[in-house]
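The values are calculated or read from the model by the stated rules, or taken from the named source; none is laboratory data. These numbers were taken from a predicted model, which means no experiment stands behind them. Neighbour counts run over all protein chains shown; Cβ positions are idealised from the backbone, glycine included.
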């Protein structure tokens, strides 16, 4: 039985929590309550996300809901255009973000 483990390798624990997965995206505001995001990963319709801007305080994160997710090819790579509805935006980073060029890296 050489090479076999005699100890338990996995414990199943019931635990409720939140998992944060950070993605680099490019954000464009198309209306005061709507954003279009270019992402490497798709998102499910009606999924709720937090959008945090670079160098912003985490409490200034914007709560959004995915209205649509479509694959596109940009510069030879598959990306996803996510149309997001702003659910809640505190005054901070969202209002202060520079939207003059139509986009901001988030």
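Values as computed for the structure displayed
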| item | result |
| --- | --- |
| Answer residue from region 66-76, given it is part of a strand (DSSP E or B) and modelled with pLDDT of 95 or more and is farthest from residue 48 (Cα to Cα) among those | 73 |
| Region 33-53, subset touching a residue at least 24 places away in the same chain (Cβ under 8 Å), out of contact with any helix residue (DSSP H, G or I) (no Cβ under 9 Å at 6 or more places or on another chain) and in a loop (DSSP other than H, G, I, E, B), residue surrounded by the most Cβ atoms within 10 Å (Cβ to Cβ) | 43 |
| Residue list for region 29-44, filter: closer than 11 Å to residue 84 by Cβ and modelled with pLDDT of 90 or more | 34, 35, 36, 37, 39, 43 |
| Residue check, residue 63 part of a strand (DSSP E or B), at pLDDT below 95 and within 20 Å of residue 22 (Cα to Cα) | yes |
